[in-house]
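Please read the structure below before turning to the comments.
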Amino acid sequence: NLGVLLAHRGDVDGAEMAFRRADEHGISDAAFELGLLLLAADRLADAEEAFIHADERGHALAATQLGVLLEQREDIDGAVAAYVRADERGDADGAFELARLLIQHDQLADAEYALVRAHERGHADAARNLAALHEYREAAPELEPEAESNLQLEPEAEVLTDEVHDVAPTAADL
């Protein structure tokens, strides 16, 4: 891909032009790469637009990145919907991010299902969080719901506070 080659050579403007041309031809990977390039340049609105283009074409990683940007600007419903799309497309990071938000909204059973999917797809932090969730439940099976929402799960260096639910959500459910 010309855009990737130009980006590696440090020609950011040339890479952007190449990615935009490819995006105009409906190439989802180009739209995703454009989003990453714009994100690195701290052009968040432009990056979001590029991720939307890629997401609309079924790009799982773009849906996850879009979810991150939406979450950063506090559009939680939009972020959840993007993570659900990423998860449905098989992205481990999308499933993990979905689980994190579900835990924050006291939906532990749904979060557990999402963590299982993330783990099955090879997300290392998902395994650690599943273990922490199961350990927590075994240690305190009769906690009040408010106390369960204080559960802290640990992905690498950050701490998650989340809960799980019984049925895995779809985009329509959230």
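Remark: the stretch 85-96, residue by residue, has Karplus-estimated 3J(HN,Hα) of 4, 4, 4, 4, 8, x, 7, 4, 5, x, 5, 5 Hz, where x stands for each Gly or Pro and the curve is 6.51 cos²θ - 1.76 cosθ + 1.60 at θ = phi - 60°. Quick one: in the stretch 9-149, what % of C-alpha pairs are over 22 Å apart? Counting pairs separated by more than 22 Å, the tail of P(r) holds 45 percent.
Short-range pairs are left out: with C-alpha atoms under 8 Å and at least six residues apart, the relative contact order of the stretch 27-83 is 28 percent. Using only side-chain charges placed at the Cβ, +1 for Lys and Arg and -1 for Asp and Glu, the dipole size of the stretch 15-94 relative to its Cα centre rounds to 220 debye. Estimated at the nearest 10 Å², the accessible area of Val84 is 0 Å² with a 1.4 Å probe. Each Lys or Arg adds one and each Asp or Glu subtracts one; over the other residues with Cβ under 12 Å from the Cβ of His59, this totals -3. Set the Cα radius of gyration of the stretch 53-133 against 2.2 N^0.38 Å, with N its number of residues, and you get 1.00. Measuring only protein heavy atoms, the 1.4 Å probe finds Arg121 accessible over about 90 Å².
Distances between placed amide hydrogens fall under 5 Å for Gln107 paired with Glu163, Val164, all partners being 5 or more residues away or on another chain.
The values are calculated or read from the model by the stated rules, or taken from the named source; none is laboratory data. This structure is a prediction, so every number in the text was calculated from the model and none was measured. Neighbour counts are summed over all protein chains in view; Cβ atoms, including those assigned to glycine, are modelled from backbone coordinates with ideal geometry. When the accessible area is computed, the model is the full protein with side chains, heavy atoms only, and any ligands, DNA or RNA have been set aside. Shrake-Rupley method; radii C 1.70, N 1.55, O 1.52, S 1.80 Å.
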